[in-house]
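A quick write-up on the structure given underneath.
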Amino acid sequence: MKEDFKSGFAAIIGRPNVGKSTLMNHLIGQKIAITSRKPQTTRNRIQTVYTSERGQIVFLDTPGIHKAKNKLGEYMVNVAQRTFQDADVILWLVEASDYIGAGEKHIAQQLQKTKLPVILVMNKVDKVEKKQVAGFIEAYRKLYDFAEIVPVSALRSVNLDTLLECIFKYLPYGPQFYDEDTVTDQPQRQIVAEMIREKALRCLEEEIPHGIAVTIERMKERPQGNMVDIDATIICERDSHKGIIIGKQGAMLKKIGSQARTEIENMLETKVNLKLWVKVKKDWRDSDFLIKNFGYDKKEI
Ligand SMILES: Nc1nc2c(ncn2[C@@H]2O[C@H](COP(=O)(O)OP(=O)(O)OP(=O)(O)O)[C@@H](O)[C@H]2O)c(=O)[nH]1
Ligand SMILES: [Mg+2]
């Protein structure tokens, strides 16, 4: 082991939609976590690995912290809060703004209890005037005693090197946990399910996407090795939603399927035969049994 090698966990937390998953993907240079314009995209903790000469950072992307309206929401907020405990440093992501609302205050309160170093990452600076940023930072400085404050644009990869530098500052010296080729410990099946969910999120209008889950029934490589067959089901909450997801003569389902297939083919580096079904499970987001069934298991938090 190299003596000056550092390693540890960096948890990325914040309100829904501030760009946590986008930031993580851009930090590791690969798309692992799905992203969308709609809040509450991420549901599980997603772990990825960044390795360099200096050390290894394990990033923990979390669901956005929000007021839960159902059991799935409670599960998501729990995931985020539990993740605090496993971290060496916390990246609290906010949008570039001086608006500090109840959501931000709630997160600040939670963080007070942890005593971990907190780096405030002010994201989406590409959306505001440069000269405004200093004022926004000042407003946040009054809210919490941050270890560091770093303005970035996750989407445009602006200032991410500075951020990596800052994270390493707060990591302990330690061994390399994963070999340098490891990017994530998420099972491939789960990433495939998430890619399908992302396309559904992006193609469908508000409301429906939040009630969707995706399960993979089969994922099998053909013996000749030139094609992977995938059968997946999109679960939704109402019959009317099912109709919308399928679309006129199946047009919507086809669109979701072909977008997902392209992305899955890129990831697996092989041709994919993707078959999608749609099933209704009424109010599954409020059923402990069903949310567990669809991959959101409390025991795994
Ligand atoms: N303009 C701009 N948009 C960004 C930036 N970072 C993220 N976004 C956009 O913000 C939206 C939300 O991004 P996500 O990464 O899904 O946000 P999240 O915080 O993971 O959201 P949840 O998983 O719902 O908590 C997407 O449309 C992103 O493209 C940025 O630096 N600049
Ligand atoms: Mg996310």
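The values are calculated or read from the model by the stated rules, or taken from the named source; none is laboratory data. Quantities reported herein were computed from a predicted structural model and do not represent experimental measurements. Every residue, glycine as well, gets a Cβ built from its backbone with ideal geometry; the counts of neighbours run over all protein chains shown. SASA here: full protein model, heavy atoms, side chains in, ligands and nucleic acids out. Shrake-Rupley method; radii C 1.70, N 1.55, O 1.52, S 1.80 Å.
A few comments on the model shown:
- P(r) tail for segment 126-283: Cα pairs beyond 28 Å make up 48% of the total.
- The distance from the alpha carbon centre of segment 1-38 to that of segment 216-269 is 27 Å, rounded to a whole number.
- Computed [θ] at 222 nm, helices only, for the chain once each DSSP H run of length n ≥ 4 contributes -39500 (n - 2.57): -10500 deg cm²/dmol
- The Cα-based radius of gyration and maximum Cα-Cα distance (Dmax) for segment 21-152 are 14.9, 44 Å.
- Segment 1-61 - Kirkwood radius from inverse mean 1/r over Cα pairs (Å): 12.4
- Solvent-accessible area of the chain (1.4 angstrom probe, protein heavy atoms only): carbon and sulfur portion equals 47 percent.
- Think of each Lys and Arg Cβ as +1 and each Asp and Glu Cβ as -1; about the Cα centre, that makes the dipole of the chain roughly 1120 debye.
- For the chain, built as a Gaussian network whose Cα springs stay under 10 Å, the top-fluctuating residue of His66, His210, His106: His106
- In this structure Val183 has an accessible area near 40 Å², from a 1.4 Å probe over the protein heavy atoms.
- 15 Å cut-off, amide nitrogen to a point 7 angstrom out along Lys38 Cα→Cβ, residues in segment 169-194: 194
- Selected from Ile196, Ile234, Ile246 as most flexible by GNM, with the chain as the system and alpha-carbon contacts under 10 Å: Ile246
- Full-stretch length increase - Thr114, Arg218 - with 0.36 nm per residue and alpha-carbon distance subtracted: 33.3 nm
- Inter-site label distance for Val183 and Val280 at 7 Å from Cα along Cβ, in nm: 3.9
- Between Lys271 and Gln190, the contour length at 0.36 nm per residue exceeds the Cα-Cα span by 27.3 nm.
- GNM flexibility winner over the chain from Glu95, Glu263, Glu221 (Cα, springs under 10 Å): Glu221
- Two-decimal Rg/Rh across segment 59-134, once Rg and the Kirkwood Rh are taken from alpha-carbon atoms: 0.99
- In the context of the full protein assembly, Trp277 retains an accessible surface of approximately 130 Å², using a probe radius of 1.4 Å and ignoring ligands and nucleic acids.
- Taking Cα centre as origin and charging only the Cβ of basic (Lys, Arg, +1) and acidic (Asp, Glu, -1) residues, the dipole magnitude of segment 1-145 rounds to 540 debye.
- Remark on the chain: Rg and Dmax equal 20.0, 63 Å (Cα only).
- A simple spin-label model places pseudo-atoms 7 Å from Cα toward Cβ; at Lys292 and Ala251 they are separated by 4.2 nm.
- DSSP-defined antiparallel bridges as percent of all bridges, segment 188-300, nearest 5: 45
- Leu268, Leu27, ranked by accessible area, largest first (probe 1.4 Å): Leu268, Leu27
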